[in-house]
Amino acid sequence: MSAARRFLPAALCLALAGWLLLAHSDSERVRRAAQLGAAGRYRAAAAEAGRVTRRPATAAAELLRGRALAGAHAFASSAAAYARAAHLEPRDWELRREYARVLLALGRRPQARAQMAASLALNPRQSLPAGFVAR
């Protein structure tokens, strides 16, 4: 067996190990961000979630970032995080509901209605949050 043939499986294993290590660090950041947010440390939670850069953890991190920034009353930044999360997870009705509430807080009613309509399309049994009226 040539040296190149022996080297290829080792290189692939090393690359996989590196990817797994990076994925684990992102999942740890998501876990820490959730803990910080639950403790009311919203800015720290948003910062920790913002350090996540790889899939599959990015959608969860952006959702946590949106929640944390909303908790810190940074609604414009929260809306941007929710927009990224909605792009990554378009079928998450709860995410779209939260996004709609942040848009409503910003006074962006047409966009808030659109997100709430998307949320209701995904889960028609949910009740409308405060500030939204049924048509």
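The values are calculated or read from the model by the stated rules, or taken from the named source; none is laboratory data. Computed from a predicted structure; not experimentally measured. Here the Cβ is made from the backbone with ideal geometry for all residues, glycine too, and neighbour counts use every protein chain on show. Remember, those area values only see protein heavy atoms, side chains included, never the ligands or the DNA or RNA. Shrake-Rupley method; radii C 1.70, N 1.55, O 1.52, S 1.80 Å.
Scanning region 88-103 for residues that are of a type in the set (A, V, I, L, M), open to solvent by 30 Å² or more (accessible area, probe 1.4 Å) and under 26 Å from A39 (Cβ atoms) turns up at least one hit.
Residues are listed down the side, and each one gets a yes or a no for (1) more than 13 Å from the chain's Cα centre (by Cα); (2) among the hydrophobic types (A, V, I, L, M, F, W, C):
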residue: R54; (1), (2): no, no
residue: A59; (1), (2): no, yes
residue: E62; (1), (2): no, no
residue: D92; (1), (2): no, no
residue: L103; (1), (2): yes, yes
residue: A114; (1), (2): yes, yes
residue: S119; (1), (2): yes, no
residue: V133; (1), (2): yes, yes
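Quick check on A85: is it buried (at least 20 other Cβ atoms within 10 Å of the Cβ), within 30 Å of Q115 (Cβ to Cβ) and modelled with pLDDT under 95? It is false that A85 is buried (at least 20 other Cβ atoms within 10 Å of the Cβ), within 30 Å of Q115 (Cβ to Cβ) and modelled with pLDDT under 95. As a summary of the residue check, H73 satisfies the conditions (1) open to solvent by less than 30 Å² (accessible area, probe 1.4 Å); (2) in a loop (DSSP other than H, G, I, E, B) except for the one numbered (1). Tally time: how many residues in region 96-128 are in a loop (DSSP other than H, G, I, E, B) and over 10 Å from A79 (Cα atoms)? Of the residues in region 96-128, 8 are in a loop (DSSP other than H, G, I, E, B) and over 10 Å from A79 (Cα atoms).
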